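**Q** To start, I am sharing the structure in question, which I have written as structure tokens.
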Amino acid sequence: MHSISELQSILKNTFDSASFSQNPPELYDPITYTLNLGGKRIRPLLVLTGCDLFHGNLEKAKPAAIAIELFHNFTLLHDDIMDRAPLRRGKETVYKKWNTNVAILSGDTMFALACDYLSRVDPEVLPLALSEFTKTARLVCEGQQYDMNFEARKLVSISEYLEMIRLKTAVLIGCSLRLGAILAKAPATETEKIYSFGENIGMAFQLQDDLLDVFGDEQKFGKEIGGDILSAKKTFLLLKAYELAPESERSELDDCFSDPDLLPEAKIERVKNVYLSLNISQITKEEIGKHFTRALQICGNLNADPESRKVLEVFANDLLKRDF
């Protein structure tokens, strides 16, 4: 099996040779801009990883890798509008740089392009690959809707939140790996295992994202710190704080989120202090650890050689080594 760095090099060459510059430029320039923002291109890398793990043809997996990256970035364009996020990977979001209508239409075009690229895979596995892709696209949208529903609800349980992030984030990680395995014509039992591995890594990844939003370094994180607090998003950290907080600290949280005159910096600082007093950072890290451990257990049961399983383990470790 190729190393992760070798797969990253293959992936870079794949995207370098792909061009999305077409007319009208107002539609396609934002797509090129988005794809050039940087990032680790985790999901398309996982498509290649899943294919390589089961000795598939990487050349034939490249269109699916591009499709997954296009779909993922399509969701980001629309998410940034819904979240009113000014930055993505340290740069202006598309709706900020252009406008909301452009971001919506360019995002829609990215989804169409994703379907076009996916249609280029081996016809023998295309029906199964297409079914996996469209099911995942629907689940991601369901997760986003639950996320928006939670904004209007005062009470959300931890289990409801975990299910939401499974749908919104983790299923696409799982899909990326399973799609690669499908292209390699791996047995269904193995594609299910690799999906479960990816889903658990995705859960850990999103929980860490929640943690970094509060305790991360803005320059390294690539997004404004405290954005979830300012938008009153019901993250794992906030829900766990409400679950554990005594009355005085619950009142402090309520005051922070109900006072329209509270300056953003003050709101972030006060909520963060409540988290610190309740040891929420450590509790979140323990939840991340549960999913990470589960993923490694699944990895150990894959019907693959030890060297290949080791590549997956290294990837999982590297993925969660983001700076605070």
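Throughout, read-outs are computed from the coordinates displayed, never taken from laboratory work. Keep in mind the model is a prediction, meaning the values are calculated, not measured. Using ideal geometry, Cβ is built from the backbone for each residue, glycine included, and neighbour counts are taken over all protein chains shown.
**Q** Compute the acute angle (0 to 90°) between the alpha-carbon long axis of helix 188-215 and the principal axis of greatest extent of the alpha-carbon atoms of the chain; round to the nearest 10°.
**A** 30
**Q** Right, another one. Test of understanding: in a Gaussian network model of the chain with alpha carbons linked when under 10 Å, which of L278, L155, L183 would top the mean-square fluctuation ranking?
**A** L155
**Q** Using semi-axes √(5λ) of the Cα gyration tensor in Å as the read-out, say which of [x] 34, 24, 16; [y] 34, 20, 18; [z] 41, 21, 18 was calculated from these coordinates.
**A** Entry [x].
**Q** Can you tell me the 0 to 90 degree angle between the C-alpha axis of helix 58-83 and the longest principal axis of the chain, rounded to 10?
**A** Roughly 20 degrees, rounded to the nearest 10.
**Q** What do you get for GluC sites (Glu not before Pro) in segment 24-132 restricted to DSSP loop and a cutoff of at most 15 other Cβ within 10 Å of the site's Cβ?
**A** Counting only loop positions with at most 15 other Cβ atoms within 10 Å, the GluC sites (Glu not before Pro) in segment 24-132 are E124.
**Q** In degrees from 0 to 90, rounded to the nearest 10, what is the angle of the helix 126-151 Cα long axis to the longest principal axis of the chain?
**A** Helix 126-151 sits at roughly 10 degrees to that axis.
**Q** Filter the trypsin sites (Lys or Arg not before Pro) in segment 136-183 to those in DSSP coil with at most 12 other Cβ atoms within 10 Å of their Cβ, and list the result.
**A** Counting only loop positions with at most 12 other Cβ atoms within 10 Å, the trypsin sites (Lys or Arg not before Pro) in segment 136-183 are R153, K154.
**Q** For segment 4-319, with the dipole built from +1 on Lys and Arg beta-carbon atoms and -1 on Asp and Glu ones, taken about the Cα centre, which of F197, V47, N23 lies farthest toward the positive end?
**A** Result: V47, furthest along the dipole toward the positive end.
**Q** Relative contact order (percent) for segment 100-228, with alpha-carbon contacts under 8 angstrom and 6 or more residues of separation?
**A** 20
**Q** Place +1 on the Cβ of every Lys and Arg and -1 on the Cβ of every Asp and Glu in segment 225-324, take the dipole about the Cα centre, and give the residue among L253, L319, N273 whose Cα lies farthest towards its positive end.
**A** So the residue we want is L319.
**Q** Separation between the S5 and E247 pseudo-spin-labels, each 7 Å from Cα along Cα→Cβ, expressed in nm?
**A** 6.0
**Q** Where does each of F71, F15 land when they are ranked from fewest to most other beta-carbon atoms within 10 angstrom?
**A** F15, F71
**Q** Now, a different point. If you keep only loop residues by DSSP, which trypsin sites (Lys or Arg not before Pro) in segment 221-324 have at most 11 other Cβ atoms within 10 Å of their Cβ?
**A** Sparse-neighbourhood loop trypsin sites (Lys or Arg not before Pro): K321.
**Q** Related question: Could you tally the net charge around W98, taking each other residue with its Cβ under 11 Å from the Cβ of W98, Lys/Arg +1 and Asp/Glu -1?
**A** -1
**Q** Sort 49-57, 81-89 by the packing proxy (mean of other Cβ within 10 Å over each peptide's residues), most packed first.
**A** Descending packing order for the listed peptides: 49-57, 81-89.
**Q** Pull up the cross-link candidates among the lysines for K135, meaning alpha carbon to alpha carbon under 23 Å and not fewer than 8 places away within one chain.
**A** Partners found: K60, K62, K168, K185, K193.
**Q** To continue, here is another question. Hey, if you put +1 on the Cβ of every Lys and Arg and -1 on every Asp and Glu Cβ in segment 4-319, which of A61, T136, T34 ends up farthest toward the positive end of that dipole?
**A** Among A61, T136, T34, the one farthest towards the positive end of the dipole of segment 4-319 is A61.
**Q** Still on this structure: Below 11 angstrom from the Cβ of A170, what's the summed charge of the other residues (Lys, Arg +1; Asp, Glu -1)?
**A** 0
**Q** To the nearest 20 debye, what charge dipole does the chain have about its Cα centre, counting +1 at the Cβ of each Lys and Arg and -1 at the Cβ of each Asp and Glu?
**A** My answer is approximately 600 debye.
**Q** Restricting to DSSP H runs of at least four residues, report the calculated mean residue ellipticity at 222 nm for the chain, -39500 (n - 2.57) per run over all residues, nearest 500 deg cm²/dmol.
**A** Rounded to the nearest 500, it is -23500 deg cm²/dmol.
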